[in-house]
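**Student:** Handing you a structure now.
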Amino acid sequence: MVEEAGRTQGAPLSAHGGAGSERLALARQALAAADFRAAADHLQAAMQALPAGLQPSASMRLALACALAATGALRESTDVVRRIAAPARNALLRDPRTDRALAEVLAVGWDAHQVQALLCAYAMRMGRWGYRAGFVEALHAIAGMRAGVPLHRSLVFDAFSFGQPDALVAALSARFAEDRGARPPPPPAKSLPDDGRRVRVALLSGEWRRHPTCMLHRDLVAALDRRRLHLTAIHLDPVTDHHTEDLRSLCDDWLHWPQPDPAAAARAMRERGFDIVWVLGSFQQTPVAEVLVHRPAPLAINGLASYYPHGPALVDYTVIDPLTVPPTVRPHWREALVLLPASAYVLGPVPAEPPVTTTRAALGWPEDRLVLAAPHQAYKLSPECAALWSAVLRRCPDALLWRVQGPALAERHWAQALQAHGVDPARQIVTPPVGWAEHQARLACADLFLDATPMGGHTTLLEALRQGVPAVTLHGPGPAGRIGHALLDAFGLREGCCADAAGYVETVVRWAQDPAVRRRWREVLEARRPGGRGPLSPSLDPARHARWWEALLLHAWQRHRAGLPPASFTVEDQELVRPAP
């Protein structure tokens, strides 16, 4: 989220020569490297070195305030911000070099807790996991507040992304909605007549483009029964591509609203008379959640928008599966729950991407070495991953770890983490990012897939399973760490689901050292693919998911028409809907 932090605070800084100028240069470097303690020290020294009578610039003060907040010096950071005059602060808001998240916090008032959480999350994405304690500390403080600066949307997603438990994510979601005055609507005063028309569904997302959200829903949308459902896709991001046009062709209508005013967008949706808004895609980058606050339709149903609790002030229903959201955590999900027979993640053939094939020889990978695939995004490479995967590599001397290259700073910190666990970073195959089809071909060349923790792989894991690569996953504390269990279960690979770190390492090592076991699991995965000998995995069956979604959308709308409030229910393969136990 705060990728521009170094340039934001560094670019406008004034230099006056001598030690002050040198300290400013060091401060810029420290900010870019997410070393906020060093940045604060250099900035304070630079300010002390200013010539007599010359005051620090507003950008210097903001940089120092951010650095102090990230290190937990919240009172000191707030004191620094108070010294920035209002005109200078407004100029910073308009400066294109100011990071969006920080500008939004400044626009409504300084909140050192939020700045701390935002910058600590940024630091963790760059591999500086020493900031995790400050991140969690800030989130707990924010979740307990009910006044002041409205909660930035990114922090709810960040809590989910970095594996925080359901209770904390739910508390942050509740604060986000409460800050904006969101309230669940009352049910209809009386039942509504059945006019016989199709149910009008708005598919709301900021990710109808080359993004996992689009990949996961393209074939599901294509398989929906249009005799009963009228579909309008709404895209909230300026970026479009051929995936956008492909999805557009599958819907009855299409609305492109880049960077909308949330209240105006919700009002426009109400005027169009949608019955249900089907929420899809991440809440982090575009104002999906802010639109929901203003109730754009009588019912809001959360699909894979972000697989975490949102609460009844934002959505009426959330679709879940038995393993990602087990009964023990469901009390934290205060919206009504729709329980599907299996994971809501489903991947079709994605015809917009022509298939690609490759070989280890073509990739330059050794034929006689075991390749352990871990092509996760850099922010998932936690200390837990370093410990687990290093333990595996130490016990499997012929194994290589395959990853996709991340930012240079994150790569440097990851290499240091491996070395700290006694593993030479040369034991890795690090490849650059490639197109979607090329990545699928590379996945098929791996021997095993190592899931990350505390946030596991989702689309990446599903893609590996579809390519026939056996996977091992570790049960995490939050919903982001349990999706892997549901996906492996959908492929008949539940033996790869591990409850603790020791079991994870032992399972990977056992499978790595026994080619017969790997062949057996590949046969299991091949049987669950389209055209295989066994039952098709639900995670590769968009048509089956379409029947589930038709049943749940129609049932939820029928309840609303009858004047009944949202209530949890279960969807079964026979299209029977029954109340949740």
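**Student:** Which whole-Hz ³J(HN,Hα) couplings does the stretch 486-495 yield from phi under the Karplus relation 6.51 cos²θ - 1.76 cosθ + 1.60, θ = phi - 60°, glycine and proline marked x?
**Tutor:** 5, 5, 4, 4, 5, 9, x, 10, 5, 5
**Student:** On the protein heavy atoms, probe 1.4 angstrom, tell me the percent of accessible surface of the stretch 396-547 carried by carbon and sulfur.
**Tutor:** 52
**Student:** May I pose another question? Quick one: what are the phi-derived ³J(HN,Hα) couplings along the stretch 451-468, Karplus 6.51/-1.76/1.60 with θ = phi - 60°, whole Hz, x for glycine and proline?
**Tutor:** Per-residue couplings from phi come out as 6, 8, 7, x, 9, x, x, 10, 4, 4, 5, 4, 5, 5, 5, 5, 7, x Hz.
**Student:** Still on this structure, please answer the following. For the stretch 119-176, run through the trypsin sites (Lys or Arg not before Pro) and keep only the ones in DSSP coil with at most 10 other Cβ atoms within 10 Å of their Cβ.
**Tutor:** Sites meeting the loop and neighbour criteria: Arg146.
**Student:** If each DSSP helix of 4+ residues adds -39,500 (n - 2.57) and the sum is divided by the residues in the chain, what number results at 222 nm, nearest 500 deg cm²/dmol?
**Tutor:** -13500 deg cm²/dmol, from helical runs alone.
**Student:** Another question, if that's okay. Using label points projected 7 Å from each Cα along Cα→Cβ, tell me how many nm separate Leu564 and Ala437, to one decimal.
**Tutor:** The modelled label-to-label distance comes out at 4.8 nm.
**Student:** Probe of 1.4 angstrom, ligands and nucleic acids ignored: what's the accessible area per residue over the chain, in square angstrom?
**Tutor:** It amounts to 38 Å² per residue over the chain.
**Student:** Another one. Collect residues whose amide H, placed 1.01 Å from N in the peptide plane, falls under 5 Å from the amide H of Ala373; neighbours closer than 5 in sequence don't count.
**Tutor:** Close amide H contacts, sequence-distant or interchain: Trp402, Asp447, Leu448, Phe449, Leu450.
**Student:** Give the long-range amide H neighbours of Val277: residues separated by 5 or more places, or on another chain, with amide H under 5 Å away, using H modelled in the peptide plane at 1.01 Å from N.
**Tutor:** Ala202, Leu299, Ala300, Ile301
**Student:** Which residues' amide hydrogens lie under 5 Å from the amide hydrogen of Thr286, considering only partners 5 or more residues apart or on another chain, with H built in the peptide plane?
**Tutor:** The list, which skips near neighbours in sequence, is empty: none.
**Student:** Mind checking Rg over Rh on the stretch 440-581, alpha carbons, Kirkwood formula for Rh?
**Tutor:** Reported Rg/Rh, Kirkwood definition of Rh: 1.07.
**Student:** Here's another thing I want to ask about it. Can you pull the percent of the stretch 283-378's accessible area that's carbon plus sulfur, 1.4 Å probe, other chains left in place?
**Tutor:** Percent of accessible area from carbon and sulfur atoms in the stretch 283-378: 59.
**Student:** In nanometres, what is the gap between the two model label sites at Glu506 and Ala85, each 7 Å from Cα along Cα-to-Cβ?
**Tutor:** Between Glu506 and Ala85, the simple spin-label model gives 6.8 nm.
**Student:** Further, regarding this structure: Determine the dipole magnitude for the chain: charges of +1 sit on the beta-carbon of Lys and Arg, -1 on that of Asp and Glu, nothing else is charged, the reference point is the Cα centre, and the result goes in debye to the nearest 20.
**Tutor:** Once rounded to the nearest 20, the dipole reads 520 debye.
**Student:** Apply 1/(1 + (r/R0)^6) to the Cβ-Cβ distance of Arg272 and Ala52, taking R0 = 51 Å, and write down the FRET efficiency to the nearest 0.05.
**Tutor:** The computed FRET efficiency comes out at 0.20.
**Student:** If we sort 422-433, 258-269 on the protection proxy, mean other Cβ atoms within 10 Å, highest first, what's the order?
**Tutor:** Order by mean packing, descending: 258-269, 422-433.
**Student:** Restricting to the chain, compute how many DSSP beta bridges are antiparallel as a %, nearest 5.
**Tutor:** Once the DSSP bridges in the chain are tallied, antiparallel ones form about 5 percent.
**Student:** Take His140 and Arg75, extend 7 Å from each Cα along the Cα→Cβ direction, and tell me the distance between the two endpoints in nm.
**Tutor:** 2.0
**Student:** DSSP loop (so not H, G, I, E, B), at most 11 other Cβ within 10 Å: list which GluC sites (Glu not before Pro) in the stretch 310-394 pass both filters.
**Tutor:** When the GluC sites (Glu not before Pro) of the stretch 310-394 are filtered for loop state and at most 11 Cβ neighbours within 10 Å, Glu367 remain.
**Student:** Using θ = phi - 60° and the Karplus relation 6.51 cos²θ - 1.76 cosθ + 1.60, list the HN-Hα couplings for the stretch 39-52 in order, rounded to whole Hz, with x at every Gly or Pro.
**Tutor:** Values, residue by residue: 4, 4, 4, 5, 5, 4, 5, 5, 5, 5, 8, 5, x, 4 Hz.
The values are calculated or read from the model by the stated rules, or taken from the named source; none is laboratory data. Note that the coordinates shown come from a computational prediction; the quantities given were computed from them, not determined experimentally. Note: ideal-geometry Cβ built from the backbone for every residue, glycine included; neighbour counts use all protein chains shown. SASA here: full protein model, heavy atoms, side chains in, ligands and nucleic acids out. Shrake-Rupley method; radii C 1.70, N 1.55, O 1.52, S 1.80 Å.
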